[in-house]
Amino acid sequence: MDGEVITSVGIDIGTSTSQVVFSHLFLKNTSGCFSIPHIAFVDKKLIYASQAHLTPFKTQTTLDDEALRRLVLSEYENAGLKPGDIDAGAVIVTGEAARKENAEMLLNSLSDIAGEFVVSTAGPDLEAIISGKGSGAQQISKARGICVINFDIGGGTTNIAAFDDGEITAKGSLDIGGRQIRVEDGRISYISKSAVKIAAAAGFYPELGEPADPDMLRGICRAMAEVLEQAAGVSPADDLLEEVRTAGSTFFAAPGNAKAVCFSGGVADCIHSTGGDPFRYGDIGPFLGEEIAGSRICSELTPLRGKETIRATVVGAGSYSTTVSGSTISHHGSVLPLKNLPVLKLDHFEQERCYGGDSEYLEEKIKWFLGQNDTTRMVLSMTGERSPSYARLKTLAQCVGEAMGEALPAEAPFLLALENDTAKALGQAIEMIAGPTRAVVCIDSVRTEQGDYIDLGRPIMDGMVIPVVIKTLAFG
Amino acid sequence: MDNSVIEQVVEAVLAELSRSEGVTVPEAPEIHEPEERDITSEAERAAVLVKNPVDAEAIARMKKYTNARVGVGRAGTRYNTQTLITLRADHAAARDAVFMDIDRELLDGIGLFAVESRCTTKDEFLTRPDLGRQLSDESVSVILEKCVKKPDIQIFAADGLSSTAIKANLPDLLPSLLDGLKNRSGISVGTPFFVKNGRVGLMDQVSELLEARVTCVLIGERPGLATAESMSAYIAYEARVGMEESRRTVISNIHRLGVPAVEAGAYLAGLLCSILKAKASGVGFRRDTGNEG
């Protein structure tokens with residue numbers, strides 16, 4: 001077989017709107033005939049994108065999970081797909097919808113219909129990364145080898161991510177967006193808390209119900225754009241930047257070497273095409289877009305047009321949340337797929353101890369980790385050595401095999417994720433120690449951080465690779 | 001002035017000096033050895049040598065994608081001194097790889113006995129490829145005496161064009177490969193050995209001699225200026241002398257910076273079993289057909 005096509009779903013459930021997209025992801029062996037295989041995504045194609053639906057709520061803060069379930073199911077029908085056709089993807093829950101009880105409810109109500117291997121994720125930081133991938137900022141950064149900042153400017157928040165040579169280097173979120181102030185029948189109908197703060201700092205005091213004064217609203221939007229300038233690092237930061245940071249998000253530390261800027265989200269369309277009735281959307285989006293277009297962000301950095309604007313998050317969820325493991329890996333026993341596995345990441349020092357054979361240390365560490373997470377399943381992760389000797393690899397296998405054997409229940413699989421390409425050899429060596437009844441899955445080319453969760457899909461491409469999703473389950 | 005005259009003068013002066021007591025000969029100033037610097041190290045190779053670059057970071061990134069000598073600057077139309085010396089060092093390493101012999105101790109350490117092709121010297125090996133594809137008469141009898149017959153899988157190593165590659169990879173690859181095969185029950189593995197001055201085609205004779213079903217030779221690749229440590233594995237199902245080259249499956253680029261030796265060993269274990277199962281190798285074998293991963 002030369003290649004395989006994966007059907008992936010992206011579901012974005014936001015405060016105001018929800019969207020569903022389906023993509024085809026094309027996998028192929030990209031190495032030559034004379035080399036060990038290297039399976040990689042070679043193309044991604046959007047096959048269906050839904051309208052932006054209003055997110056159904058039961059109460060002010062509780063999602064209507066039944067209505068959402070129906071909504072998602074009807075989009076499957078529109079796309080001509082069944083839940084069983086889906087191989088991968090992600091559900092992204094953001095804003096108000098991301099409250100803990102909502103997210104958990106969604107996890108339960110959507111997990112069976114969104115396909116076997118679909119994950120739920122939430123949190124503004126993650127949305128920043130996903131929208132930066134969906135907009136194309138990450139790919140431009142990698143292709144040109146430069147640092148690109150992506151601003152995903154939606155209704156309520158601006159999610160910001162910086163990519164340097166394709167690698168994420170900073171992320172964060174601000175309460176700035178096109179619907180922070182709304183206008184109905186020529187009058188101001190809504191002002192958010194953060195809009196009040198920003199307006200006051202600029203000397204504006206808008207009142208609910210008063211006629212929408214274009215000059216004042218434009219002035220407030222200019223102030224918002226100035227906060228974004230601070231975030232981009234093109235103006236000195238003041239207290240306001242910290243005051244409008246989205247709850248639960250990281251402070252976005254602007255990288256000094258940013259060369260270009262990319263915009264996505266609904267407001268991005270107003271940056272690229274200005275003019276027209278400023279209140280056509282009943283909010284300040286068009287003003288905000290125009291003010292950003294004229295800001296120092298666009299004069300100091302090179303503005304780029306993303307592939308996707310309003311759909312960046314949902315496309316990112318559908319096309320960029322799934323990766324594949326290295327192509328020489330080891331999996332023994334049919335335990336996959338497995339979802340929401342907590343990752344125990346060993347640091348350099350701990351890794352060194354394990355290569356040295358200190359299994360008692362590792363056993364204690366694993367026991368502690370399982371206790372902390374109140375679980376019996378986990379993935380042991382480390383960078384691993386680039387090209388270890390076989391003796392050293394066997395010592396590591398002995399250490400891991402013994403420690404996991406002691407710390408884990410008899411039926412629990414041994415799961416390992418390395419960064420460097422030695423998983424097949426390590427997995428094989430661990431199997432020899434663990435014995436034939438123990439399931440061992442050892443994959444590489446996977447980079448994790450402490451506190452991550454990981455999903456391992458069913459092996460594909462004739463068992464050569466495993467789809468992997470790395471995520472942070474940070475429910476608001 | 002005649003040299004002998006100078007010598008006479010020097011001798012006279014030295015004699016005078018040693019006679020006069022109280023005169024101390026000043027100590028020779030301490031010579032500071034310049035710090036040792038390995039210009040073939042990874043760090044030195046990664047260095048951007050372009051003077052006054054517009055974007056040094058971009059050049060450094062580009063260099064990560066290739067072993068080619070890019071981003072090294074120039075002196076007129078030529079290389080800078082450092083680049084030229086590195087090139088020569090790489091060339092020297094390549095020559096060493098071809099002409100060096102494998103240490104007996106290394107082979108003993110991994111439990112391999114050694115035999116030879118019909119070539120008796122490296123010069124003959126380089127000029128007579130045909131002889132490098134045949135075992136010497138003595139080697140034939142040693143192999144027949146020491147090796148298990150009719151194995152499912154016969155593995156051997158040969159220096160080929162890089163002894164350096166064998167030295168760098170075989171001690172880690174071979175045990176990983178053999179352990180991988182041990183994990184799969186019901187497969188008989190032949191007695192591994194080493195052939196000095198051997199070429200790829202020698203595997204055909206080994207296959208016939210031992211009546212092996214699958215034969216795999218681990219052999220040093222022709223060294224280039226990027227690495228002299230690269231090893232390949234050539235594999236054939238029921239190899240026969242005179243068979244088409246297209247029946248060989250090859251996995252190349254096994255070295256520290258390519259596919260790590262231990263990982264290549266584990267991968268080869270699966271590949272050999274797949275070839276055994278498919279009863280085909282080379283273009284007749286699709287890697288994914290019945291591959292157990």
Residue, farthest from the other protein chains (Cβ to nearest Cβ), within segment A:422-452, restricted to residues that are of a type outside the set (D, E, K, R), surrounded by fewer than 20 Cβ atoms within 10 Å (Cβ to Cβ) and not in a helix (DSSP H, G or I): A:451
task: Please specify each residue of segment B:236-254 satisfying the condition of being on the phi < 0 side of the Ramachandran plot and either in a loop (DSSP other than H, G, I, E, B) or open to solvent by 30 Å² or more (accessible area, probe 1.4 Å) (or both).
output: B:239, B:240, B:241, B:243, B:244, B:245, B:246, B:247, B:248
task: Could you please find all residues in segment B:193-218 being among the hydrophobic types (A, V, I, L, M, F, W, C) and open to solvent by 10 Å² or more (accessible area, probe 1.4 Å)?
output: B:200, B:209
field: Selected residue (criterion: nearest to the other protein chains (Cβ to nearest Cβ)) from residues of segment B:61-101 that are open to solvent by less than 30 Å² (accessible area, probe 1.4 Å) and assigned to a helix (DSSP H, G or I)
entry: B:63
- prompt: Based on what the data block shows, is residue A:291 crowded, with 19+ Cβ neighbours inside 10 Å, assigned to a loop (DSSP other than H, G, I, E, B) and in the same structural domain as residue A:173 (by TED's automatic domain parsing)?
  reply: no
- prompt: Which one is nearest to the other protein chains (Cβ to nearest Cβ), of the residues in segment B:45-60 that are open to solvent by less than 40 Å² (accessible area, probe 1.4 Å) and within 28 Å of the chain's Cα centre (by Cα)?
  reply: B:60
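Return the only residue of A:219, A:209, A:154, A:178 being open to solvent by less than 40 Å² (accessible area, probe 1.4 Å), in the same structural domain as residue A:309 (by TED's automatic domain parsing) and in contact with an Asp or Glu (Cβ under 6 Å, 6 or more places away or on another chain).
Details: A:219 fails: in contact with an Asp or Glu (Cβ under 6 Å, 6 or more places away or on another chain); A:209 fails: in contact with an Asp or Glu (Cβ under 6 Å, 6 or more places away or on another chain); A:154 fails: in contact with an Asp or Glu (Cβ under 6 Å, 6 or more places away or on another chain).
Matching residue, one of A:219, A:209, A:154, A:178: A:178.
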From the options A:425, A:439, residue that is in contact with a helix residue (DSSP H, G or I) (Cβ under 9 Å, 6 or more places away or on another chain) and of a type in the set (Gly, Ala, Ser): A:425
- prompt: Does residue B:170 satisfy the criteria of being within 14 Å of residue B:262 (Cα to Cα), open to solvent by 40 Å² or more (accessible area, probe 1.4 Å), touching a helix residue (DSSP H, G or I) at 6+ places or on another chain (Cβ under 9 Å) and within 14 Å of chain A (Cβ to nearest Cβ)?
  reply: no
task: Take the residues in segment A:382-415 that are within 14 Å of chain B (Cβ to nearest Cβ) and among the aliphatic types (A, V, I, L, M), then tell me which one is surrounded by the most Cβ atoms within 10 Å (Cβ to Cβ).
output: A:393
field: Yes/no for residue B:218 being under 30 Å from residue B:87 (Cα atoms), more than 10 Å from every other protein chain (Cβ to nearest Cβ) and of a type in the set (A, V, I, L, M, F, W, C)
entry: yes
- prompt: Could you list, in sequence order, the residues of segment A:332-386 that are more than 19 Å from residue A:457 (Cα to Cα), of a type in the set (Lys, Arg) and not in a loop (DSSP other than H, G, I, E, B)?
  reply: A:345, A:353, A:365, A:367
task: May I ask you to list the residues in segment A:181-194 that are open to solvent by less than 40 Å² (accessible area, probe 1.4 Å) and without any contact (Cβ under 8 Å) to a residue 60 or more places away in the chain?
output: A:188, A:191, A:192, A:194
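The rows are residues; the columns are (1) acidic (Asp, Glu); (2) under 27 Å from residue B:227 (Cβ atoms); (3) at pLDDT below 95.
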| position | (1), (2), (3) |
| --- | --- |
| B:103 | yes, yes, yes |
| B:124 | yes, yes, no |
| B:139 | no, no, no |
| B:153 | no, no, no |
| B:165 | no, yes, no |
message: Exactly one of these conditions fails for residue A:324: (1) out of contact with any strand residue (DSSP E or B) (no Cβ under 9 Å at 6 or more places or on another chain); (2) in contact (Cβ under 8 Å) with a residue 24 or more places away in the chain. Give me its number.
response: (1)
- prompt: Do you know which residues across segment B:110-159 are under 18 Å from residue B:218 (Cβ atoms), surrounded by 14 or more Cβ atoms within 10 Å (Cβ to Cβ) and either outside the structural domain of residue B:188 (by TED's automatic domain parsing) or among the small types (Gly, Ala, Ser) (or both)?
  reply: B:114, B:117, B:132, B:139, B:157, B:158
message: Quick check on my filter: what residues within segment B:221-253 are farther than 22 Å from residue B:276 by Cα and within 11 Å of chain A (Cβ to nearest Cβ)?
response: B:221, B:229, B:253
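The values are calculated or read from the model by the stated rules, or taken from the named source; none is laboratory data. Quick caveat, the model's predicted, so the values are computed rather than measured. Using ideal geometry, Cβ is built from the backbone for each residue, glycine included, and neighbour counts are taken over all protein chains shown. We work out accessible area using only protein heavy atoms, side chains counted, and drop any ligands, DNA or RNA first. Shrake-Rupley method; radii C 1.70, N 1.55, O 1.52, S 1.80 Å.
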